[in-house]
Structures are given as C-alpha cells and as structure tokens.
Amino acid sequence: RGGGVASAGLGGGEPENVLAATAALGAVWAIGYTTRLRRSFIAREMEQQAEQALGDERLRIARELHDVVAHNLSLIAVQAANAAHVRSPEHAYQALEVISETSRAALTEMRGLLGVLRSDADLAPSPGLDGLVELADRASLAGVRVSLDVRGDSVVPEGVGLSAYRIVQEALTNVVKHAAPAACTVTVEVTPSLVRIDVADDGPGVKELGVGHGLIGMRERVAVYGGTFSAGPGENGSFRVVAELPYR
C-alpha cells in the first residue's frame, strides 16, 4: 500500500510539471518574439532616419550650390557686359579683375560644398557674419554701392551665421540682377536671441520678386529657425528684404 500511494502521488504531479514547462517555454518564446519585433522596428526607424538625413543633406547642398552659383555668376555676367561696352581699357581691365576674383571665390566655395561627398575632404569653415564685408565689397564691384552695418556681437551659432550670410548674399544678388547700378543698405542686428537682417535698395528694379529658388531658399532658411521673412516694395520705390532668425 505504501508504494502504491507514493506512485499515485508522483503520477498526479506530472501534469503540473508539463503545464509549468509549457508556460515557461511560452514565456521564453513571447520574450524572444517581442525582442525580434522591437529590433526590427528599431532597425526600420534607424534606416528611415538615415534616409531622411541623406535627403536633408542633399537639399542643403543643392540650396548652397544655388546660392553660390547664382550670386557669383550674376556678378560675372554684369562685369562681362560692362567690359564688352566700355571704351576705356582701364575700366575693361577692372571688370576683368572682378570676374577673376569672383570666379575664384565661387570655385573655392563650390569645392568646399562638393567636398562633403568625399570622406577625405578637408572642408573650410562655412561662411558667416564675418564674411559679410567681403560679400558687400564684391557686390560693390558689380555696380551696387553697399552700405553695411553689423550691430552687436557677431558670434552666433554656425548654422545661424551661415543662414544670415546666404540671405544677405541672395538679397544682394537680386539687387545686382534687377536694380544695378544702385545703392543698397544692409543692416544686420545681432542680439543674444535673434539675428535681424534688413536689405533695401533704391534702384528701379522689379517691384515684386517671383517664386524662384532664391526667394524659396531664403524662406526655407528662416523657417528652419521659426523666424519671420518678408520681401517686397519698400519706401520710395525701393525693394526690401527683412528676415529674423531666432536662435535661443
């Protein structure tokens, strides 16, 4: 009898052991399945982020190339036309010198931008507020008398400085293309939380810009920082571009 009772007790415990083992295996499988799903989700998310970053970088390069090419080629075109029509050899040589300097500057910037496509590129610093003086000088050589006034500390985040530089560059490009010869005032006010840009000319150029890449590019740069942008006729028939870039 004693052996029979022991045997019956052992036999009664076997279903419980099987259920416990089954539950343990189910829990392990569930954990593994959940882990695989999570890893797959993370991998897809990382891939999407990489694709988004690549698209953003391509858009940035395209926008930078447009600004560089449009600005410098506009200056070159104006000076080439001047050289073709002037009677004085001295003025012709001066125009050719501007073309030479402008083309070298454009090539330098384009090499820097295209260098991001190479892993071994030695990139130069991006232009910023410190480059506005040279930018104004180049526009002056193209027949636009630029009065530049930078107020406040010129030390701002690199992206903000680059955006401010490109906005001024595009605004001056429009003055060269549509209003030269003209006078132009460029006021850049830097505060601890904002960069405000005001570019106005007194030339007889167009009263309203179209929807070209230049205007779109300026709006996009401002939108990145949640700022404000306006471009249109100013006082006394002038054309005015105003942009605000908050950064803190």
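Please treat every number below as a calculation from the coordinates, not as lab data. Since this is a predicted model, take the numbers as computed values, not measurements. We place every Cβ from the backbone using ideal geometry, glycine too, and count neighbours over all the protein chains shown.
Couple of notes before you dig in:
- Taking Lys and Arg as +1 and Asp and Glu as -1, the other residues whose beta-carbon sits under 15 Å from that of V98 total -2.
- Computed from label points 7 Å out along Cα-Cβ, the spacing between Q52 and E220 is 1.7 nm.
- Taking each residue as 0.36 nm, the span from T187 to L96 lengthens on full extension beyond its C-alpha to C-alpha distance by 29.8 nm.
- HN-Hα J in Hz across segment 131-140 - Karplus 6.51, -1.76, 1.60, θ = phi - 60°, x for Gly and Pro: x, 5, 4, 5, 4, 5, 5, 5, 5, 5
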